[in-house]
1. Are any residues in region 26-42 modelled with pLDDT of 80 or more and in contact with a Phe, Trp or Tyr (Cβ under 9 Å, 6 or more places away or on another chain), and if so, which ones?
2. Pairs please, first residue from region 31-45 and among the β-branched types (Val, Ile, Thr), second anywhere and surrounded by 13 or more Cβ atoms within 10 Å (Cβ to Cβ), Cβ atoms under 9 Å, 6+ apart in sequence or on different chains.
Amino acid sequence: MPKTEQKLNMPALLIMGAKDYCLKFPGIEDYIHNDASMKEFVPDLETVFMDEGNHFVQEQLPEQVNGLILGFLESRISP
């Protein structure tokens, strides 16, 4: 099956815990921290790393995550 180039052409928010165990897989941390790599597929991507967050940051820090989501959505609303 041939691969097709796919891009997400809409605003996107990635919230990650800085202590997420997924970042330990070879190459993942460099890839996610490299905005150019990520923005190749998601050009309008905003990435937020939460210093004390782990893989389940939405459960660990729900108020902060909700605030980030609401702020992201509010910044994208047309006046």
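The values are calculated or read from the model by the stated rules, or taken from the named source; none is laboratory data. The structure presented is a predicted model; accordingly, all values stated were derived computationally and were not measured. Note that each Cβ is placed from the backbone with ideal geometry, even for glycine, and that neighbours are counted across all protein chains shown.
1. Matches in region 26-42: Ile32, His33, Met38.
2. Ile32/Met16; Ile32/Leu23; Ile32/Met38; Ile32/Thr47; Ile32/Phe49; Val42/Ala12
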